[in-house]
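Comments concern the structure below.
The values are calculated or read from the model by the stated rules, or taken from the named source; none is laboratory data. A quick note: this is a predicted structure, and the numbers were derived from the prediction, not measured. All Cβ positions, even for glycine, are placed from backbone atoms using ideal geometry, and neighbour counts span all protein chains on display. These accessible areas exclude ligands, DNA and RNA; they are computed on the full protein's heavy atoms, side chains included. Shrake-Rupley method; radii C 1.70, N 1.55, O 1.52, S 1.80 Å.
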Amino acid sequence: ADPAVRAAILGEEDLPIDPNKLFDGMFMLAQNAANRLYHIGEPPDYEPTYERTVAAIAEQRGLDPLAAMYDLMLEANAGAMLMYPMFNYSDGNHDAIREMLTHPAGILGLSDGGAHCSMICDASYPTFLLTHWARDRHRGEKLPLEYVIRKQSHDTAQLYGMSDRGVISVGKKADVNVIDLDALTLHAPKMVHDLPAGGKRLVQGASGYDATIVSGVVTRRHGADTGARPGRLVRGTR
């Protein structure tokens, strides 16, 4: 945030890209995408308009796009992040995503598996489906709350052959979330360094979950861990 340091960093010349180094030119991805990098804010806006791009903000402030990008990331005690939607946002909205979510063959899930845990936080998508798609979306059609819940619970369980869960019924596994939907909030992602050797990953918290129940035992109450561990690893069979 020191003006002299800011000026020195922004004034540096880029080194030539070394073709022998993997991903050496990745910095160009950000530098050339000011019109697709979004300031998402807190709570995050994941369906932003063009006015929230770095390019638009730079124009409003009379700054070079890289200077605007630098200043935006200084927000929140230098913890602010920008969003770069690489796919499914070419039209600047979520209409294509909604079409996929409502397709009969569609299932709600992600397969990244933590491979890009310093760039993406996939763990937040169940909350996002409830807040954005069932409650808050204003730039297009929402999805019915009961549809989103069924897709996340019953349909996913059936896909993976877990017929003992996914519905609230006598004899089924008592896994339940008790949610204050009006208060449910997905917070901005944050970087933490808690992996082996100080490795970093993005985490994203949420509030509004009154209780999380696993096999009939409360494991979280108002966002706090109760210490109960009734769950177990589930292995598939071939």
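Each residue of region 167-238 gets 159 Å³ once the volume of the Cα convex hull is shared out per residue. Taking the Cα centre of region 162-226 as origin and assigning +1 to Lys and Arg Cβ atoms and -1 to Asp and Glu Cβ atoms, the resulting dipole is close to 240 debye.
Qualifying trypsin sites (Lys or Arg not before Pro) in region 72-163, where qualification requires a DSSP coil assignment and no more than 12 other C-beta atoms within 10 Å, comprise 139.
Comparing 162, 185, 218 along the charge dipole axis of region 129-238, the residue lying farthest to the positive side is 162, per the Cβ-charge model. Think of the chain as having a plus end and a minus end, set by charges on the Cβ of Lys, Arg, Asp and Glu; of 234, 81, 203, 234 sits farthest toward the positive end of this dipole. Here the accessible area of the chain is 56 percent carbon and sulfur, with a 1.4 angstrom probe and all protein chains present. Using the Karplus relation 6.51 cos²θ - 1.76 cosθ + 1.60 with θ = phi - 60°, the per-residue 3J(HN,Hα) values for region 159-174 come to 4, 9, x, 9, 6, 8, 8, x, 9, 8, 7, 4, x, 8, 5, 8 Hz, with x marking Gly and Pro. Legend: Rg and Dmax of region 77-138, from Cα coordinates, 13.3, 44 Å. In region 94-197, Cα pairs under 8 Å separated by at least six residues give a relative contact order of 22 percent. Percent of Cα pairs in region 14-91 per distance bin of 10 Å, from zero to the largest separation: 18, 45, 29, 8, 0.
The calculated FRET efficiency for the pair residue 162 and residue 207, based on their C-beta separation and a Förster distance of 25 Å, comes to about 0.35.
May I ask you to derive the FRET efficiency for residue 178 and residue 13 from their Cβ-Cβ distance with R0 = 45 Å, giving the value to the nearest 0.05?
Working from the Cβ atoms, E equals 0.20.
Across region 155-205, counting alpha-carbon atoms alone, Rg and Dmax equal 17.1, 46 Å. Stretching the chain fully between residue 190 and residue 74 yields a gain of 40.4 nm (0.36 nm per residue, less the alpha carbon separation). Adding -39500 (n - 2.57) for every DSSP H run of four residues or longer, then dividing by how many residues the chain holds, sets the calculated 222 nm ellipticity at -5500 deg cm²/dmol. Each residue of region 29-42 is assigned a 3J(HN,Hα), and the resulting list reads 4, 6, 4, 9, 10, 4, 7, 10, 8, 10, 8, 8, x, 9 Hz, derived from the Karplus form 6.51 cos²θ - 1.76 cosθ + 1.60 (θ = phi - 60°), x at Gly and Pro. Over all projection directions, the Cα-based convex hull of region 84-209 averages an area of 9.5 nm².
Inter-label distance, residue 221 to residue 23: 4.3 nm, where each label sits 7 Å from its Cα along the C-beta direction. The candidate values are (1) 17.6, 55; (2) 22.8, 71; (3) 21.1, 67; the one derived from this structure for Rg and Dmax of the Cα atoms in Å carries the label (3).
Amide H contacts under 5 Å for residue 109: none, restricted to partners 5 or more places along the chain or on a different chain, H placed in the peptide plane at 1.01 Å from N.
Multiplying the sequence separation of residue 169 and residue 102 by 0.36 nm and subtracting their Cα-Cα distance, what value in nm do you get?
Result for the pair: 21.6 nm of gain on full extension.
Structural descriptor for region 187-230: relative contact order 25 percent, calculated from alpha carbon pairs under 8 angstrom and at least 6 residues apart. In terms of Cα atoms, the Rg and Dmax of region 132-175 work out to 13.1, 41 Å. Spin-label model, residue 6/residue 45: points 7 Å from Cα along the beta carbon direction are separated by 2.2 nm.
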